[in-house]
């Protein structure tokens, strides 16, 4: 079972780390802060079968020796909150002495990042923590903590009930079992489809989703939330598999699939990802805090025709070291590429680190939307 | 390894097993837990950094310190990555260069560019790192979103906050949290809008919870938080390490100078008392050194009704000497005496007592410790054998239970309080015994397990009740007692405290602390692991002060909490050198090193060295001197660095004593209250103007180093030498180090101390002997200094100062963070912005009964006298208890305090005075008359034309 929150880290290793960590106090934390655009699998589970989640948490607690669990759910899910509230009370006796407490977020996307979530749970500002130390060793209130996504925990009772072999028989490569894929955006048959890993992206979009709702050709598919890569139909052969996606500079994330038809402006989509990151950045690390804002500004300049004349300050004679000549579109694109590299490798967490995926995939596959010559890949 | 004590290795030192790794091709071995960043810095391969500094835990926000590690994905931050055996690290690759330059390019796209006119020019880590990464072009331009028009907050009197220069590294926030423990700062907003905020967005620094300790200013890598003085003067050109002259913590500072001007005082990172931290007083409140009130010329007058007449040093010495000789000729050898100062150096204090013993020919020498920690000296000597605390400050980091009694560390000893709070945040348990709800009882991330708000004056009853619980519940460490203490005395003591009349239930009527809480606190102290007691003047300044000290020592011995790190009995000394002043033989009955004057062996040693014969009879204590003066048999006094009229109890009695004398010599920085009744004034020198040593509360001897010339031409020790020579003593000290050599020669516990050793060791904790050449951090490790620890029976005897219908409330007194004692220094700094007058804290119940509201003037009257001050209605004090500070002469809180004192040492009972509080229209008649008289007494004749 690999964590379904997005990183795909094996849940068993995480649990073993917590189980073997020293100390009498340990926690189970369920990340139900489902903030990615076009995702709703967590909500469906919590509204439809909250006991699966509660049972999964109780099993995890038993496995690692935790006394207490928290479900951190986003405030935008009032029905899920109400359902969980009742379900936790109904299950209290069955899971005792393990106890579960429901905590409601306050609307910050970054609190879906596990260390921010822990800070938020502790009553602190939702700011990302550096790792190490891993939450498995020093998590909530500094104690060993399992942080798992709703889907991960809700799958646990089924794996135990049906046996590990049965679950592992599904899927492909190192991506075993099933994934609830969420189809959204401009798609004919939107909704939640749980299926084994291994279908191609084309099968998911066209066979299950039935193509676009508008009936126009698909231009791009964004997989894995607002910071997932945009993939053109030329990549529909990609199997739904963590490694295959990673090899194509894309990610599966929480398995949200958002479809765009040929009217989409991919520069605007690239800008959106930078604007989203700027809006949701916790502000701790420099590449994300300043980089996302510069990214928006840069893409706006490119949209306005590319290039940049020297600013009034740069033209001052006192500014001896400044390169005061105008910058070309190619230089601006080069700067955007460098910025994406700085953010990808320099950011503290996946928010700033993944913001470059939609930007660079848009730039790579649809250069004409950025005022450049069309890519040669169309001829593949 | 870099030798620079101020070098910054990025993350704190660790102490694990050795780990070997390779950094840039070089083999490095560091302790386990060390960060890659620190390992690299130790190997002279410093990695660029901005958010990391080795006084704070790593944070990982700036992303300049990325490295490549073989076998690891991506580019981890070196500050948050611990070393592993066999790790291979590259700190400089093309990829890393590009990444770092990319990060720096982002920083500079939102930063002012006028570095040359910036107050941190050439003292700015952003500037340094921009240079280090080779940034040459900011391709984003300078027209993007920015914070450059953010307004500066200049509300703090000592430092400015300019958010336009902020790089949001959170070093200030983390310093406030981790180092100071106040949690006043935070990051407000998120993303690009993230900004440092002192509390709520509408708060400025001055109105926030900021205590102005300066930790944030020290931590700031840019000019965002910078000293106003640096902006005004410029960056320093040299630094001299010296010791703070305020409280007994003894913080080590770098006096950063430009010429003879102090640019700023920066806490020394390798200071063993303060470990790089400071408080608002030591860090910023040195402006008194140049205050216009400083007197820089000696002055004399025949009568206190005359104005002062400025004279030369020679004339002043000659006049003072002739007066003292005349008085002794007329009234006898015992008619004069001296008072040494806990504010002055060991060397100066030693000289004053030497002047009295060898020059005046009597033992009428006393010191201001009389009115603060004399019971500590008595009590700890009686029980343990040494008149000093048992631990070093580092010891608190090993404590599991901390018992604070009669001390308010966050106000009185703020730097030690921060170290204590750091340990409490790690989980140590806290017991507070104090009539007031001091800040420690509940402060961010710290909450006392037990606060026992006892009635003032009932310390002994409460401690006996705790001992009762420990003995009767079988919680005593009898194995320790059997091995280390006199068992017969223990049994006698145990039987005494076990008597039913000493149970918490019976004594609840006296202490007014619920018995269950006393029992719980006693159990925690006895069974919670390493338990350490820290106490202050709330213990000593009582009629049973010495008994309380011994009751504390009993508790520590009975539970085995003596002789190792993490435990002990620790007096928090009020003044910078109160320990040293006591060590140096400032008491009338003791020579330096606490040897009784009646002891022939010790006395002979001094007689041989000094070439005089000494009076074997103990001399007069301060209160006895004043009594004798009123009686007409004590006529002359030399007072160095103490304002007895303001600081000693029962002001009217002190006044009568001073008025009855014929020659009062005051040696001070300012014309203090005592000087109003003086005939000779010797202008003093500040700690910045002289060489010497101070000894702090942990027995740590530290150098005071001269950074500027004495304003009056002579350092204090030179003045005492001048007076001594005018009396015919022929002293020829060329430097204070020669005085220390004499101290070492004559004082066994100082035998190994020399300026040369202090230079190499930084500081020394006495005893420094052949057996302990590098000093003694923890005392009584294997055996007590006196041999067997002595249990002393401490029977609770209520004070004679009792409430009644006329004086129904109990007044207790204390200090506040921003002011220091009688305020002679702090009132002459911008610290007054926090505390411009003493106020009376009164419980809402008592206030309402008297028709008083916060801000009203009230009359505060006792059997001794009355004064007026404004009230603050607060439930910090219990009903029936009122509290004030004694920092301001306008209030003269000691007009109210009485002459009751400790049975053993005469330490005044400042902490218990029966009073009544009633509405008032303003200052009392006495205050008005006093002020008029003081103004008259301070007149100075116009200076004569220069010859």
For this session: Specify which of the listed residues (B:8, B:4) is more than 14 Å from chain A (Cβ to nearest Cβ), within 24 Å of residue B:179 (Cβ to Cβ), within 34 Å of the chain's Cα centre (by Cα) and buried (at least 16 other Cβ atoms within 10 Å of the Cβ).
Result: B:8
Problem set entry | Complete set of residues in segment A:136-164 that are more than 23 Å from residue A:43 (Cβ to Cβ) and not in a helix (DSSP H, G or I) | A:136, A:137, A:138, A:139, A:143, A:144, A:145, A:163
For this session: Only residues that are away from every other protein chain (no Cβ under 13 Å) and either under 30 Å from residue B:177 (Cα atoms) or assigned to a loop (DSSP other than H, G, I, E, B) (or both): list them for segment B:57-89, please.
Result: B:70, B:71, B:85, B:86, B:87
Seminar exercise, completed: Residues of segment B:542-577 being touching a strand residue (DSSP E or B) at 6+ places or on another chain (Cβ under 8 Å) and more than 28 Å from residue B:498 (Cα to Cα), in sequence order, are B:572, B:576, B:577
For this session: Kindly indicate which of A:64, A:25, A:29 is at pLDDT 95 or above and within 24 Å of residue A:165 (Cα to Cα).
Result: A:64
Exercise. Would a scan of segment B:195-204 turn up a residue that is in contact (Cβ under 8 Å) with a residue 24 or more places away in the chain, within 14 Å of chain A (Cβ to nearest Cβ) and farther than 30 Å from residue A:320 by Cα?
Worked result: yes
Exercise. Is at least one residue of segment B:249-257 without any contact (Cβ under 8 Å) to a residue 60 or more places away in the chain and in contact with a helix residue (DSSP H, G or I) (Cβ under 9 Å, 6 or more places away or on another chain)?
Worked result: yes
Exercise. Just checking, which of A:96, A:87, A:91, A:58 is closer than 25 Å to residue A:165 by Cβ and either modelled with pLDDT of 95 or more or buried (at least 21 other Cβ atoms within 10 Å of the Cβ) (or both)?
Worked result: A:58
Problem set entry | Unique match (being under 22 Å from residue B:61 (Cα atoms), within 12 Å of another protein chain (Cβ to nearest Cβ), in contact (Cβ under 8 Å) with a residue 12 or more places away in the chain and buried (at least 17 other Cβ atoms within 10 Å of the Cβ)) among A:298, A:348, A:335 | A:348
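Conditions (1) without any contact (Cβ under 8 Å) to a residue 60 or more places away in the chain; (2) away from chain B (no Cβ under 14 Å); (3) within 21 Å of residue A:191 (Cα to Cα); (4) part of a helix (DSSP H, G or I), marked per residue:
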site	(1), (2), (3), (4)
A:234	no, yes, no, yes
A:245	yes, yes, no, yes
A:252	no, yes, yes, no
A:260	no, yes, yes, no
A:275	yes, no, no, yes
Seminar exercise, completed: Screening A:310, A:303 for residues that are surrounded by fewer than 20 Cβ atoms within 10 Å (Cβ to Cβ), at pLDDT below 95 and in the same structural domain as residue A:368 (by TED's automatic domain parsing) leaves only A:310
For this session: Within segment B:659-696, track down each residue that is within 20 Å of the chain's Cα centre (by Cα) and modelled with pLDDT under 95.
Result: none
For this session: Provide a single number: the residues in segment B:570-591 that are crowded, with 24+ Cβ neighbours inside 10 Å and part of a loop (DSSP other than H, G, I, E, B).
Result: 11
For this session: Could you figure out which of (1) surrounded by 16 or more Cβ atoms within 10 Å (Cβ to Cβ); (2) more than 8 Å from chain B (Cβ to nearest Cβ); (3) modelled with pLDDT under 95 isn't true of residue A:373?
Result: (1)
For this session: Residue by residue through segment B:818-836, note down the ones that are at pLDDT 90 or above, surrounded by fewer than 22 Cβ atoms within 10 Å (Cβ to Cβ) and closer than 20 Å to residue B:872 by Cα.
Result: B:832, B:833, B:834
Problem set entry | Selected residue [assigned to a loop (DSSP other than H, G, I, E, B) and at positive phi] from B:835, B:780 | B:780
For this session: From A:124, A:131, A:143, grab the single residue that is within 30 Å of residue B:62 (Cβ to Cβ), out of contact with any helix residue (DSSP H, G or I) (no Cβ under 8 Å at 6 or more places or on another chain), within 14 Å of chain B (Cβ to nearest Cβ) and modelled with pLDDT under 95.
Result: A:124
For this session: Can you work out which of the residues in segment B:11-46 that are surrounded by 24 or more Cβ atoms within 10 Å (Cβ to Cβ) and within 14 Å of chain A (Cβ to nearest Cβ) is nearest to residue B:101 (Cα to Cα)?
Result: B:37
For this session: Counting only residues that are surrounded by fewer than 19 Cβ atoms within 10 Å (Cβ to Cβ) and more than 14 Å from chain A (Cβ to nearest Cβ), give me the helices (runs of 4 or more DSSP H) lying completely in segment B:90-192 with at least 1 of them.
Result: B:125-133
Exercise. What helices (runs of 4 or more DSSP H) completely inside segment B:595-706 contain at least 2 residues that are in contact with a strand residue (DSSP E or B) (Cβ under 7 Å, 6 or more places away or on another chain) and under 23 Å from residue B:334 (Cα atoms)?
Worked result: B:600-610, B:622-630
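The values are calculated or read from the model by the stated rules, or taken from the named source; none is laboratory data. These figures come from a predicted structure and were not determined experimentally. All Cβ positions, glycine included, derive from the backbone under ideal geometry; neighbour counts span all protein chains shown.
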